[in-house]
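Asker: Right, I'll just put the structure down here and ask away after.
Each value in this text was obtained by applying a stated rule to the coordinates, not by laboratory testing. Just so it is clear, the model here is predicted, and its values are computed rather than measured. All Cβ positions, even for glycine, are placed from backbone atoms using ideal geometry, and neighbour counts span all protein chains on display.
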Amino acid sequence: MKQTRNTVARTTILEMIQQSPIAMSQPAIQHALDGLCDRVTIYRVLDRLSEEGKIHKIVNVNGVVNYAACNTCNHQHTHQHQHVHFSCRICNELTCLETVVPNFQLPEGFQQEETFFTISGVCNHCQSVADE
Ligand SMILES: [Zn+2]
Ligand SMILES: [Zn+2]
Ligand SMILES: [Zn+2]
């Protein structure tokens, strides 16, 4: 019984993140699920999906963790992408810029585990609204 409900939660959450053009925070996901599952379940599902390489975590400039879909990852690898995320100060939306990958090299003795690049500014949507 529990298994079935968790599977539904998992499928629903994954689809929601994959279909969203922007990264989603846990409260936003919970709100969109409209009571389908509790906070703990959502947290566990997000953690699992992240481990499986289906979604990745992004820490926004305000410290809030957001989640976005992975297009190139799978469970055999840790997350391979180092793309930049754009945080809009007007709409507060966080977007994956998958084609923007910074080039850097760490000094000897430093081992990279997780990488978070976040650029803040005004996104293309808010920019075009301002231009009108
Ligand atoms: Zn990934
Ligand atoms: Zn914006
Ligand atoms: Zn991303």
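Asker: Kindly establish whether Leu14 is touching a residue at least 40 places away in the same chain (Cβ under 8 Å) and within 16 Å of ligand 2 (Cβ to nearest atom).
Answerer: Answer is no for this residue.
Asker: Okay, moving on. Mind checking whether some residue in the stretch 20-37 is within 24 Å of Phe104 (Cβ to Cβ) and in contact with a strand residue (DSSP E or B) (Cβ under 8 Å, 6 or more places away or on another chain)?
Answerer: Yes - at least one qualifying residue is present in the stretch 20-37.
Asker: Residues that are surrounded by 12 or more Cβ atoms within 10 Å (Cβ to Cβ) and part of a helix (DSSP H, G or I): does the stretch 85-94 have at least one?
Answerer: Checked the stretch 85-94: no residue is surrounded by 12 or more Cβ atoms within 10 Å (Cβ to Cβ) and part of a helix (DSSP H, G or I).
Asker: Please tell me if Ser50 is surrounded by 13 or more Cβ atoms within 10 Å (Cβ to Cβ) and either within 19 Å of Ser120 (Cβ to Cβ) or in contact (Cβ under 8 Å) with a residue 40 or more places away in the chain (or both).
Answerer: no
Asker: So how many residues does the stretch 95-132 have that are within 15 Å of ligand 1 (Cβ to nearest atom) and under 14 Å from the mean Cα position of the chain (by Cα)?
Answerer: 7
Asker: With His56, His81 as the choices, which residue is in contact with a Ser or Thr (Cβ under 8 Å, 6 or more places away or on another chain), farther than 26 Å from Val129 by Cβ and either hydroxyl-bearing (Ser, Thr, Tyr) or in a strand (DSSP E or B) (or both)?
Answerer: His56
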